[in-house]
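One structure is given here, and the rest of the page talks about it.
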Amino acid sequence: MEFALPEFEKGQETFAFLAEIERRYRRERLRAGSKAKFLADEEEAGVVAAAQAACEVYAAASEDEREKIRNFFRQSYSLRHRLNCVAGQHAQQFGVDGSVEELRRALIALSLEDGQTDARDTFSALIGLRERSNLLRIDADKIFENVGQISSRRMQRLLRQKSEPVDLSEFAG
């Protein structure tokens, strides 16, 4: 299966770079196995930076474009976990300085990842961000709501969920 680029102009350089990383992974995984996912530190930093740039394009995109970007990452074997890295970096910075912008960026990365890697981990990350917001006395409901507006329907439900238990059945399979 050929790995396809989203069909719109914004961020094409970023998506072309990420697509080449995915294609290379698909070629090398037959020879190297799971080690093919691992890159040299400098190259990995570049891939994570490109994933961050993809998040920025996603946040500013139209609904149709956002769906194409989600599909781009959904098709990927090696790129989705980079979105979790981006979310983690922003969540960590949010925990340090309480920056609402860092919270928003973490939520955007999770929105784009769309619970594809592991919806339980996505939900745990969302709950962790809500709890940290509460500890910092930040009313994060509006931020969660705003990111929900650019998210898939299933992510919208997770973003609205404020506590456990949560039904993750629509993320299965």
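The values are calculated or read from the model by the stated rules, or taken from the named source; none is laboratory data. A quick note: this is a predicted structure, and the numbers were derived from the prediction, not measured. Heads up, the Cβs are rebuilt from the backbone with ideal geometry, glycines too, and the neighbour counts pull from every protein chain shown.
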* State the number of residues belonging to segment 13-22 that are free of Cβ contacts under 8 Å to residues at least 12 places away in the same chain and either of a type in the set (D, E) or more than 23 Å from A54 (Cα to Cα) (or both). => 2
* So E9 fits all but one of (1) at pLDDT below 80; (2) surrounded by fewer than 17 Cβ atoms within 10 Å (Cβ to Cβ); (3) under 20 Å from the mean Cα position of the chain (by Cα); what number is the exception? -> (3)
* Structure fact -> Flagged in segment 68-113 as touching a helix residue (DSSP H, G or I) at 6+ places or on another chain (Cβ under 7 Å) and over 22 Å from E145 (Cβ atoms), in numbering order, are F72, F73, S76, Y77, S78, L79, R80, R82, N84, C85
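Here's the yes/no breakdown for (1) outside the structural domain of D118 (by TED's automatic domain parsing); (2) hydroxyl-bearing (S, T, Y); (3) in a loop (DSSP other than H, G, I, E, B):
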site: N134; (1), (2), (3): no, no, no
site: D139; (1), (2), (3): no, no, yes
site: K142; (1), (2), (3): no, no, no
site: N146; (1), (2), (3): no, no, no
site: I150; (1), (2), (3): no, no, yes
site: R154; (1), (2), (3): no, no, no
site: L158; (1), (2), (3): no, no, no
site: D167; (1), (2), (3): yes, no, yes
site: E170; (1), (2), (3): yes, no, no
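Sort out which residues of segment 91-109 are more than 11 Å from the chain's Cα centre (by Cα) and assigned to a helix (DSSP H, G or I), and write them in order of number.
The answer is A91, Q92, Q93, F94, G95, V96, D97, V100, E101, E102, L103, R104.
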* Which of the residues that make up segment 23-81 are more than 28 Å from S152 (Cβ to Cβ) and touching a residue at least 24 places away in the same chain (Cβ under 8 Å)? -> A36
* Asked: Taking into account only those residues within segment 26-84 that are in a helix (DSSP H, G or I) and of a type in the set (S, T, Y), which is surrounded by the most Cβ atoms within 10 Å (Cβ to Cβ)?
  -> Y58
* Structure fact -> Among L112, L126, the single one that is part of a helix (DSSP H, G or I), without any contact (Cβ under 8 Å) to a residue 40 or more places away in the chain and out of contact with any His (no Cβ under 7 Å at 6 or more places or on another chain) is L126
